[in-house]
Amino acid sequence: MLAYRHAFHAGNHADVLKHVVLVAVLRYMALKEKGFRLVDTHAGAGGYSLEGRYAQQGLEFENGIARLMARDDLPPAVADYVELVRRFNSGAKLAQYPGSPALAQMLLRNQDQMRLYELHPTEHKILASFLGATPGVEVHMSDGFGALKSQLPPPTRRAVVLIDPPYELAADYAKTLAALREALERFPEAVVIVWMPQLQKLEAAQLPKRLEASAQSGGRKGWLLARLTLAHADARGFGMLGSSVFVANPPHTLAATLQQTLPWLAEVLAQTQSQHALERSAGG
């Protein structure tokens with residue numbers, strides 16, 4: 001949806017969960033010398049000012065990344081992520097937040113590639129200015145849901161796909177499921193990361209189970225689902241209660257990492273309540 005601007009939500013609790021998982025996956029992929037390709041279907045602007053009017057409107061980062069910056073008891077996966085945020089800020093002050101492309105750019109090696117897709121013209125312009133000239137990176141102003149046909153499988157036969165649409169349109173739920181299926185049909189070994197909001201909507205409740213079924217039949221290494229519930233809905237039943245990250249073909253180290261990390265995040269990021277859950281496929 002072209003009205004959506006992630007700057008309003010940059011660095012919130014959902015970004016924390018999504019980016020802790022993304023960083024852990026990319027670290028694992030870099031353990032092998034052979035390069036890999038990261039495909040980001042909804043890349044956004046790449047980085048966001050937390051001092052600008054969008055982020056300042058809701059101050060969502062104050063209940064996300066800002067809660068982590070001053071702590072000295074970070075679990076290893078969270079500490080790794082927070083250090084990258086510090087590096088993006090070039091100092092102790094939290095003024096900028098790195099989106100997925102910026103975090104990945106700090107982790108990818110010369111042999112790795114990044115393919116970034118963003119439809120919003122302003123977001124695309126910022127992203128292209130930021131990373132468009134970087135070797136190994138391509139920035140496209142097009143629909144990331146339609147990108148997988150041209151990007152999978154990559155020549156190295158190693159790939160990570162990040163799917164995180166805004167879900168402002170009901171169609172995004174069906175498109176996300178279709179994108180996961182297409183990714184695994186084209187390249188069954190791909191690591192596919194899907195971020196989802198936790199909302200009191202039928203589509204939001206059904207999507208995780210549909211992703212699980214598709215990954216169970218299409219992937220090679222099962223699936224993993226990490227969920228953080230951090231708030232109650234408002235009096236009308238609205239509001240984002242938390243978020244989930246689904247991973248098809250997860251690295252074998254990821255479940256142990258999240259078993260250590262999720263309870264800590266649930267406690268530290270809690271607003272009115274907190275719960276956490278980690279599910280995985282049988283044998284996964």
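Values in this text are rule-based calculations from the coordinates and carry no lab data. Because the structure is a prediction, the values reported are computed rather than measured. Cβ coordinates were reconstructed from backbone atoms using ideal geometry, including for glycine residues, and neighbour counts include every protein chain displayed.
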Seminar exercise, completed: Here the chain gives, from Cα atoms, an Rg and Dmax in Å of 17.4, 52
For this session: With the Cα gyration tensor of the range 1-115 in hand, convert its eigenvalues to equivalent ellipsoid semi-axes via √(5λ) and list them largest first in whole Å.
Result: 24, 18, 11
Exercise. Relative to the present Cα-Cα distance, how much length would full extension add between Ala174 and Ser129 at 0.36 nm per residue of separation?
Worked result: 13.0 nm
Exercise. Which helices of the chain meet both criteria: a Cα extent of 18 Å or more along the helical axis and a mean Kyte-Doolittle score no lower than -0.5, with helices taken as whole DSSP H segments?
Worked result: 13-29, 76-89, 171-186, 202-218, 254-269
For this session: Go through Lys18/Lys209; Lys125/Lys175; Lys175/Lys201 and tell me which ones have a Cα-Cα distance over 21 Å in this structure.
Result: Lys125/Lys175
Problem set entry | Alpha-carbon centroids, the range 1-74 and the range 136-181: separation in whole Å | 18 Å
Problem set entry | Pairwise label distance in nanometres, Phe8 with Gln273, each label 7 Å out on the Cα-Cβ vector | 2.6 nm
For this session: Hey, for a label at Ala92 modelled as a point 7 Å past Cα toward Cβ, could you say which residues of the range 36-74 have their backbone N under 17 Å away?
Result: 66-73
Exercise. Taking the Cβ of Trp223 as the center, what net charge do the other residues with Cβ under 14 Å away carry, scoring Lys and Arg +1 and Asp and Glu -1?
Worked result: +4
Seminar exercise, completed: Given a Förster distance of 41 Å, the FRET efficiency implied by the Cβ-Cβ spacing of Ala256 and Met141, rounded to the nearest 0.05, works out to 0.55
